[in-house]
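A.B. asks: Just dropping this structure here.
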Amino acid sequence: MKGEKSRRRRAWQSARRGLPAAAASTRAAGIAVVLTAVLALTLAACGGQPSPGAPATGLPALSAAASASSSAASPAEATPSPSLSRAASPAPGDAATSAALRRLSAYDTAEPLGFRVTGSSEAGGVRIRDISYRGSGATVTGILSLPAGRGPFPAVLYAPGVGCVSSMFEPDISALQRAGIAALAIDPPDGRPPHASPVSLDPAVVAAAHVRYVKDLRRGLDLLASLPRVDPDRLGYVGYSWGGYVGGLLAGLDAPVKYYVLTYAGADWVSADPAQVNGFEDPAAAVAVSRAAAFLFQAGVDDPLFSRASVTRYYDAAPGPKRLQWFPGGHGDLWSLPTGKAIESHRDWLRKNL
């Protein structure tokens with residue numbers, strides 16, 4: 001497991017140095033081509049430098065003025081009021097969605113977490129711990145950052161995308177630690193045994209991977225809440241790509257998260273549609289039944305994996321305080337840059353709210 005983690009971390013570090021990434025195909029080319037695009041974009045989607053001269057994506061053309069007006073704006077407008085009240089009585093349709101989500105993602109909260117610190121390193125001048133805990137029938141690996149002092153500190157759970165590793169968020173959690181915010185970033189289930197990939201032509205395989213990820217993330221929230229130096233009432237979530245997609249499912253389960261950042265993700269999955277599986281709710285339906293949370297959505301205007309329509313449908317479904325930020329470029333282009341506006345914006349939003 002350690003060798004696999006090291007291999008994926010080296011791949012991620014190579015991507016950050018700007019190794020060429022394969023170009024993405026358009027959704028209109030069909031599911032088979034989309035699957036190829038997802039695999040080819042693995043390194044780029046995890047933060048590689050944008051490929052120069054990327055081909056047209058097939059999305060609606062945007063004028064320069066439109067792109068400028070949709071670029072990053074201050075996320076402060078999405079700041080919720082200090083007290084967020086729960087809806088008194090959800091509509092019948094909402095209740096059915098909530099029940100379906102609970103059935104699909106049920107897990108044993110009494111099972112021991114088996115939390116272990118397996119090593120440590122320094123990133124951005126702060127100490128970051130390599131950790132593991134017991135997830136949904138598997139060992140979850142990741143990195144944990146805790147500010148100095150007794151706390152309790154607010155904390156953020158980071159969820160990477162397909163083929164990504166937790167270390168992609170080291171600069172972010174280092175910056176948050178310096179601001180007095182703890183953070184946990186986990187490796188997604190497609191990169192640790194037993195492997196669960198969300199890229200398949202079989203909707204049942206895709207749905208199972210999503211559910212596995214959600215359960216592992218819920219256990220991650222349990223872990224954060226169990227730490228004496230973490231304030232369980234001040235939790236945030238940052239989901240990137242696949243992590244942003246399943247973030248809506250997490251919100252629909254009424255997870256103890258007050259602030260969600262869902263980045264470069266839409267409400268429609270990029271391979272087989274998991275909603276074809278009985279009981280599986282797509283993230284737009286799931287996020288619509290969330291309670292007492294605020295949302296910051298971030299997206300690329302030329303993202304070949306999640307269309308503007310898909311991102312907008314996701315955003316429109318979210319209740320409560322929310323903001324949608326559009327950035328120039330494709331899938332995670334500005335997230336990948338050390339000074340990217342998506343990075344700076346999401347950190348600022350979390351610092352102000354948590």
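A.B. asks: If you check every pair at least six apart or on different chains, which have Cβ atoms under 8 Å apart with a residue in the stretch 338-353 that is within 13 Å of residue 295 (Cα to Cα) first and a residue that is modelled with pLDDT of 95 or more and of a type in the set (Gly, Ala, Ser) second?
C.D. replies: Note: pairs meeting the criteria are 350/236; 353/236; 353/294.
A.B. asks: Could you list, in sequence order, all residues of the stretch 328-354 that are out of contact with any Lys or Arg (no Cβ under 6 Å at 6 or more places or on another chain) and not in a helix (DSSP H, G or I)? Walk me through how you get there before you give the answer.
C.D. replies: Step one: list which residues in the stretch 328-354 are out of contact with any Lys or Arg (no Cβ under 6 Å at 6 or more places or on another chain), which gives 328-333, 335-353.
Correct list: 328, 329, 330, 331, 332, 337, 338, 339, 340.
A.B. asks: Let me ask something else about it. Within the bounds of the stretch 164-172, is there any residue that is over 27 Å from residue 103 (Cβ atoms) and of a type in the set (Asp, Glu)? Spell out the reasoning first.
C.D. replies: Taking the stretch 164-172 first, the residues over 27 Å from residue 103 (Cβ atoms) are 164-172.
Retained after the next criterion (residues that are of a type in the set (Asp, Glu)): 170, 172.
Within the stretch 164-172 (the criterion being over 27 Å from residue 103 (Cβ atoms) and of a type in the set (Asp, Glu)), the answer is yes, since at least one residue qualifies.
A.B. asks: Taking into account only those residues within the stretch 215-248 that are among the aliphatic types (A, V, I, L, M) and open to solvent by 10 Å² or more (accessible area, probe 1.4 Å), which is farthest from the chain's Cα centre (by Cα)?
C.D. replies: So the first thing to find is which residues in the stretch 215-248 are among the aliphatic types (A, V, I, L, M), and the list is 217, 221, 223-225, 227, 230, 235, 238, 246.
Among the residues that remain, those that are also open to solvent by 10 Å² or more (accessible area, probe 1.4 Å) are: 225, 227.
Numbers: 225: 19, 227: 22 Å.
Filtering first and then ranking leaves 227.
A.B. asks: Also, I was wondering about something else. Checking the condition modelled with pLDDT under 95, touching a Phe, Trp or Tyr at 6+ places or on another chain (Cβ under 8 Å) and not in a helix (DSSP H, G or I), which residue from 270, 261 passes?
C.D. replies: Values: 261 fails: modelled with pLDDT under 95.
After applying the criteria, what remains is 270.
A.B. asks: Then there is this: I'm trying to understand the selection: among the residues of the stretch 133-168, which are over 14 Å from the mean Cα position of the chain (by Cα), over 19 Å from residue 118 (Cβ atoms), of a type in the set (Gly, Ala, Ser) and buried (at least 24 other Cβ atoms within 10 Å of the Cβ)?
C.D. replies: 155 - this is the single residue of the stretch 133-168 that is over 14 Å from the mean Cα position of the chain (by Cα), over 19 Å from residue 118 (Cβ atoms), of a type in the set (Gly, Ala, Ser) and buried (at least 24 other Cβ atoms within 10 Å of the Cβ).
A.B. asks: Still on this model: For the stretch 312-341, how many residues meet the condition of being open to solvent by less than 30 Å² (accessible area, probe 1.4 Å), among the hydroxyl-bearing types (Ser, Thr, Tyr) and at pLDDT below 95? Steps first, please.
C.D. replies: Initial filter on the stretch 312-341 (open to solvent by less than 30 Å² (accessible area, probe 1.4 Å)): 314, 317-318, 325-327, 329-332, 335-336, 340.
Retained after the next criterion (residues that are among the hydroxyl-bearing types (Ser, Thr, Tyr)): 314, 336.
Checking which are at pLDDT below 95 leaves us with 336.
Total satisfying the criteria: 1.
A.B. asks: Looking only at the stretch 191-214, count every residue that is free of Cβ contacts under 8 Å to residues at least 60 places away in the same chain and surrounded by 21 or more Cβ atoms within 10 Å (Cβ to Cβ) and tell me the total. If you could, list the steps in order and put the result at the bottom.
C.D. replies: Restricting attention to the stretch 191-214, the residues satisfying the condition of being free of Cβ contacts under 8 Å to residues at least 60 places away in the same chain are 194-197, 208-209, 213.
Applying the additional criterion that residues be surrounded by 21 or more Cβ atoms within 10 Å (Cβ to Cβ) yields 196, 209, 213.
Qualifying residue count, the stretch 191-214: 3.
A.B. asks: While we're here: Kindly establish whether residue 299 is open to solvent by less than 10 Å² (accessible area, probe 1.4 Å), under 28 Å from residue 139 (Cβ atoms) and of a type in the set (Gly, Ala, Ser). Show your work before the answer.
C.D. replies: Numbers: open to solvent by less than 10 Å² (accessible area, probe 1.4 Å): yes; under 28 Å from residue 139 (Cβ atoms): no; of a type in the set (Gly, Ala, Ser): yes.
Considered against the rule, which asks whether it is open to solvent by less than 10 Å² (accessible area, probe 1.4 Å), under 28 Å from residue 139 (Cβ atoms) and of a type in the set (Gly, Ala, Ser), residue 299 comes out as no.
A.B. asks: Next question. Looking at residue 309 and the list (1) of a type in the set (Gly, Ala, Ser); (2) within 18 Å of residue 267 (Cβ to Cβ); (3) surrounded by 21 or more Cβ atoms within 10 Å (Cβ to Cβ), which single condition is not satisfied?
C.D. replies: Condition not satisfied by residue 309: (3).
A.B. asks: Could you count how many residues in the stretch 273-293 are touching a residue at least 12 places away in the same chain (Cβ under 8 Å) and in a loop (DSSP other than H, G, I, E, B)?
C.D. replies: So the answer is 12.
The values are calculated or read from the model by the stated rules, or taken from the named source; none is laboratory data. Just so it is clear, the model here is predicted, and its values are computed rather than measured. Note that we place each Cβ from the backbone using ideal geometry, even for glycine, and neighbour counts take in every protein chain shown. Accessible surface is based on the protein model in full, side chains and every heavy atom, while ligands, DNA and RNA are left aside. Shrake-Rupley method; radii C 1.70, N 1.55, O 1.52, S 1.80 Å.
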